[in-house]
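Each remark here refers to the structure printed beneath this line.
The values are calculated or read from the model by the stated rules, or taken from the named source; none is laboratory data. Small disclaimer: the values here were computed from a predicted structure and weren't measured. When we count neighbours, we look across all protein chains shown, and the Cβ atoms used for this are built from the backbone with ideal geometry, even at glycine.
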């Protein structure tokens, strides 16, 4: 009985060794690929979208067209919401009209892309980089870190030397934040210097469009 049990343990152990050996051994095609110098994991993956000056210029024009499209769409949806909430008999008809507004928006969006010479991938790729750059710029201005840094440095200069040291770490931290916003460190790390630099060539127009879009969505655009 003991011999049988020992034999079973050996068979189980040997079976496990064979499974582990088989699992650790590469498949023939994998081995061939490795010997042939095939691509390793991570190679061949697409990098960030490359923004060119020509496509960015086209995108700025596309944005201007979309301001009008979104303005019309939001007005239609706003009117729809008021009727549905009120529970009026016209609510069903208004809902159908609202769907037409959304469909018209999609059609106008596609037409604007075609007119600008951009594909959907172009619009999405450029929008991602533009949003990262412009939103970081706007956030820095909204938080007014630069002004706060100047105030903190002025306060530090008025203090005795021993008290100035107490503010040194806070001043250094805020200075790093200001530099990060000015140099767009996060956006550059994510999308590369070339993409960020191209976007900055149209910063004024992009910021204007950004602010206009905010007015559209808040209903304050005239």
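Could you list all residues from the stretch 59-75 that are crowded, with 18+ Cβ neighbours inside 10 Å and more than 23 Å from the chain's Cα centre (by Cα)?
Of everything in the stretch 59-75, just one residue is crowded, with 18+ Cβ neighbours inside 10 Å and more than 23 Å from the chain's Cα centre (by Cα), namely 73.
Within the stretch 106-123, work out how many residues are surrounded by 17 or more Cβ atoms within 10 Å (Cβ to Cβ) and over 14 Å from residue 57 (Cβ atoms).
4
Given the options 133, 123, 129, 114, name the one that is within 30 Å of residue 64 (Cβ to Cβ), more than 22 Å from the chain's Cα centre (by Cα) and modelled with pLDDT of 90 or more.
114
Condition check: farther than 23 Å from residue 53 by Cα, in contact with a helix residue (DSSP H, G or I) (Cβ under 9 Å, 6 or more places away or on another chain) and surrounded by 13 or more Cβ atoms within 10 Å (Cβ to Cβ). Does residue 175 satisfy that?
yes
Failed condition for residue 203, given (1) free of Cβ contacts under 8 Å to residues at least 60 places away in the same chain; (2) closer than 25 Å to residue 149 by Cβ, with all others met?
Only one criterion in (1) free of Cβ contacts under 8 Å to residues at least 60 places away in the same chain; (2) closer than 25 Å to residue 149 by Cβ is unmet by residue 203, namely (1).
Checking residue 103 against (1) touching a helix residue (DSSP H, G or I) at 6+ places or on another chain (Cβ under 9 Å); (2) at pLDDT below 85, which single condition isn't satisfied?
(1) is the only condition that residue 103 fails.
Any residue in the stretch 205-221 that is exposed (fewer than 13 other Cβ atoms within 10 Å of the Cβ), modelled with pLDDT of 85 or more and over 28 Å from residue 48 (Cβ atoms)?
Scanning the stretch 205-221, I find no residue that is exposed (fewer than 13 other Cβ atoms within 10 Å of the Cβ), modelled with pLDDT of 85 or more and over 28 Å from residue 48 (Cβ atoms), so the answer is no.
Condition test on residue 136, is it in contact (Cβ under 8 Å) with a residue 40 or more places away in the chain, surrounded by 15 or more Cβ atoms within 10 Å (Cβ to Cβ) and touching a helix residue (DSSP H, G or I) at 6+ places or on another chain (Cβ under 9 Å)?
The answer is yes for residue 136.
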